[in-house]
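Data first, discussion second: the structure below is written as structure tokens.
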Amino acid sequence: MYKVTFQPSAAIKVEFDASNPKEYMEKMQAIEEVAQHTTCGKCGGKQVLHVVRTVNGNKFYEKHCANSQCRAVVSFGANKEGKTLFTKRFEEVEEDGETVRKWFKTPWTKYNKETGRRE
Ligand SMILES: [Zn+2]
């Protein structure tokens with residue numbers, strides 16, 4: 001049995017047990033995935049807000065830049081199995097009748113009214 005204390009940032013301290021190396025890796029990966037993005041990737045702001053929204057019964061997990069002049073967002077997708085989240089690094093858009101993945105330069109995005117997309 002492992003007893004793990006992990007401090008991904010000054011504000012966050014996580015403690016968990018793992019019974020084997022696979023469980024340790026899975027739990028660390030799940031924590032690191034959401035604990036990263038501690039600084040806004042657009043403006044460099046250091047205050048990041050954790051936001052969980054429910055729209056039409058679906059939950060959206062996001063981190064928002066607290067800078068009111070910026071308000072960039074990192075969105076997380078939920079894995080169908082388990083309870084882990086992953087960073088959304090692209091959006092799917094329709095182009096010429098096909099679904100195309102548009103990769104973000106950074107997971108931090110803002111909605112662009114002109115293109116109608118997150119960039
Ligand atoms: Zn920002």
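Bear in mind these aren't lab numbers, they're just calculated from the coordinates by the rules spelled out. The shown structure was predicted, so the numbers you read here are calculated from the model rather than taken from an experiment.
Take the alpha-carbon centre of segment 12-47, take the same for segment 50-91, and report the distance between them in whole Å.
15
What does the convex hull of the Cα atoms of the chain come to per residue, in Å³, rounded to a whole number?
Measuring per residue, one finds 144 Å³ for the Cα hull of the chain.
Over 23 Å between C-alpha atoms is what I'm after, so list which of Lys59/Lys88; Lys13/Lys59; Lys42/Lys102; Lys22/Lys63; Lys13/Lys102; Lys27/Lys63 land there.
Where the Cα-Cα span goes over 23 Å, the pairs concerned are Lys13/Lys59; Lys22/Lys63; Lys13/Lys102.
Amide H neighbours of Thr84 under 5 Å, counting only residues 5+ apart in sequence or on other chains, H built in-plane at 1.01 Å?
Amide H to amide H, under 5 Å and 5 or more residues apart or across chains, Thr84 pairs with Asn79.
For segment 63-114, treating each Cα as an identical point scatterer without solvent, what Debye log10 I(q)/I(0) comes out at q = 0.12, 0.24, 0.27 1/Å?
With one equal scatterer per Cα and no solvent, log10 I(q)/I(0) is -0.36, -1.01, -1.08.
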